[in-house]
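As structure tokens, the structure follows; a few thoughts come after it.
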Amino acid sequence: MPSPEDSSANILEQLRSLSHRMSNALEVIMQAQYLLQQSRASGNAPGEEKWTTMIGNAVTEAAETNRELRDTIRSLSAMQAAKAADAKLAVPLSPKANRKNANPLR
């Protein structure tokens, strides 16, 4: 059975992958919106500016949300790595040593 740390690592890796894919999709939308704005110079349809502005605002908000998600993933990964490092540094006492240290008055 996988340990909770392994499961957390898998979830973080999946989130990292999804965030990367989201970034790629947002980049395409941003570029398309930019090209739409540039094509306005050649004559735009009524309301076109409104639509390109809405697309631009939405993609900017989505990109910011994705950045926050990536920052959260980074923080969780760092916490997980620190916890794993602490666990490796902990040296368990032998049962005999535990008995000796349990009651120093004995």
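Would you confirm, using the coordinates I've provided, whether T65 is of a type in the set (S, T, N, Q), at pLDDT 90 or above and more than 25 Å from A84 (Cβ to Cβ)? So T65 passes the test. Residue selection: A78 fails the criterion of being at pLDDT 90 or above, in contact with a Leu (Cβ under 8 Å, 6 or more places away or on another chain), assigned to a helix (DSSP H, G or I) and among the small types (G, A, S). Out of curiosity, is T53 at pLDDT 85 or above, among the polar types (S, T, N, Q), surrounded by 13 or more Cβ atoms within 10 Å (Cβ to Cβ) and in a helix (DSSP H, G or I)? Judged against the criteria, T53 is not a match. Which of the residues belonging to the stretch 68-87 are farther than 15 Å from S7 by Cα, surrounded by 10 or more Cβ atoms within 10 Å (Cβ to Cβ) and either touching an Asp or Glu at 6+ places or on another chain (Cβ under 9 Å) or touching a residue at least 40 places away in the same chain (Cβ under 8 Å) (or both)? Of everything in the stretch 68-87, those that are farther than 15 Å from S7 by Cα, surrounded by 10 or more Cβ atoms within 10 Å (Cβ to Cβ) and either touching an Asp or Glu at 6+ places or on another chain (Cβ under 9 Å) or touching a residue at least 40 places away in the same chain (Cβ under 8 Å) (or both) turn out to be L69, R70. The residue that is modelled with the lowest pLDDT, counting only those in the stretch 88-97 that are surrounded by fewer than 10 Cβ atoms within 10 Å (Cβ to Cβ) and among the small types (G, A, S), is S94.
The values are calculated or read from the model by the stated rules, or taken from the named source; none is laboratory data. What you see is a predicted model; the values in this text were computed from it and never measured. A quick note on method: Cβ atoms are made from the backbone with ideal geometry, for glycine too, and the neighbour counts reach across all protein chains shown.
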